[in-house]
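One structure below.
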Amino acid sequence: MCEDTKNYLWALQDILGHGATSQVYKAYNKFTGELVAAKVYQVSSNSRSPHGGDGKANQNRDFRPILDRELDILKSADHENIVRYIALEPVMSSDAPHTSDKREALLIEYCNGGSLNNVLELPENRYGLIEVDYMLLFKQLTNALKYLHDKNTIHRDIKPDNIMLSININGERTYKLADLGVARLINEGENAFTSLVGTEEYIHPELYRAAIRDDRTDVLRTALQTRVDFPFEVDLWSLGVTLFQCATGL
């Protein structure tokens, strides 16, 4: 991996993970050495291939709306248990600096302990976290979620992969909610869900009940046929499933 932001201030290194809308890289400030996580989004696409050839349409999707939503929420968030926003920078590939692809990196604080999923995969946690670690996690996640809900914001995809761990030089552990790409600010009277959002194992069962099922194939479509009037409970359900995993190792 050899890429810089266009201001040459940040250098992207190893990939840390990827999802449906972005890839996350470890990055650093080339002047100060500060480590960050760079969440890189494709924010525009060309109608023709940048390499010429047969001119087929570029299949990359434009994730600008998702990036903008996450950016707005992170910039307004100020809580120790939510990942901290640092900057938004365009990305330029050093081996193809004139490419017409457009990508932007959402720079957030780097959490050196990895994700909660990484923590749960450690051999010593195969039967769940020890009590002191579990209670710390419980307190910090509920505080973060209360903060978001007090701001009328729902996360909509709470799971171990979206919870990060930061460990300071004294060994103190801080868990942080991350990946707010599908989070949403709820205005009064607004329906927070028009489709199934989240990760299957963590989705509130009432969302499945509200989804439209295809009578011919019995396949569950993503569109919802009834209004969801319990948006905050959706987050609480996902958090409950996550905490159950942490308590039991299941």
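The values are calculated or read from the model by the stated rules, or taken from the named source; none is laboratory data. As the structure is a computational prediction, the values presented were derived from the model and not from experiment. Cβ coordinates were reconstructed from backbone atoms using ideal geometry, including for glycine residues, and neighbour counts include every protein chain displayed.
Of all residues in the stretch 22-61, those being at pLDDT 75 or above and either touching a strand residue (DSSP E or B) at 6+ places or on another chain (Cβ under 7 Å) or of a type outside the set (Val, Ile, Thr) (or both) number 21. Scanning the stretch 127-143 for residues that are in contact (Cβ under 8 Å) with a residue 24 or more places away in the chain and over 17 Å from Glu233 (Cβ atoms) yields a total of 10. Modelled with pLDDT of 90 or more, loosely packed, with under 14 Cβ neighbours inside 10 Å and assigned by TED's automatic domain parsing to the domain that holds Asn162: does that describe Glu121? Yes; evaluated as a whole, the condition is true for this residue.
Pull up the stretch 62-87, narrow it to residues that are in a loop (DSSP other than H, G, I, E, B) and modelled with pLDDT under 90, then point me to the one that is surrounded by the most Cβ atoms within 10 Å (Cβ to Cβ). Across the stretch 62-87, the extreme among qualifying residues is Phe63. Apart from one condition, Lys139 fits all of (1) within 24 Å of Val24 (Cβ to Cβ); (2) loosely packed, with under 15 Cβ neighbours inside 10 Å; (3) basic (Lys, Arg); the exception is (1).
Yes/no per residue for (1) under 11 Å from Lys176 (Cα atoms); (2) surrounded by 15 or more Cβ atoms within 10 Å (Cβ to Cβ):
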| site | (1), (2) |
| --- | --- |
| Leu116 | yes, yes |
| Ile130 | no, no |
| Leu148 | no, yes |
| Lys151 | no, no |
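Asn162 meets all of the listed conditions (1) modelled with pLDDT of 85 or more; (2) of a type in the set (S, T, N, Q); (3) loosely packed, with under 13 Cβ neighbours inside 10 Å but one, namely (3). Would you call Pro90 loosely packed, with under 14 Cβ neighbours inside 10 Å, more than 22 Å from Val241 (Cβ to Cβ) and assigned by TED's automatic domain parsing to the domain that holds Leu9? Yes.
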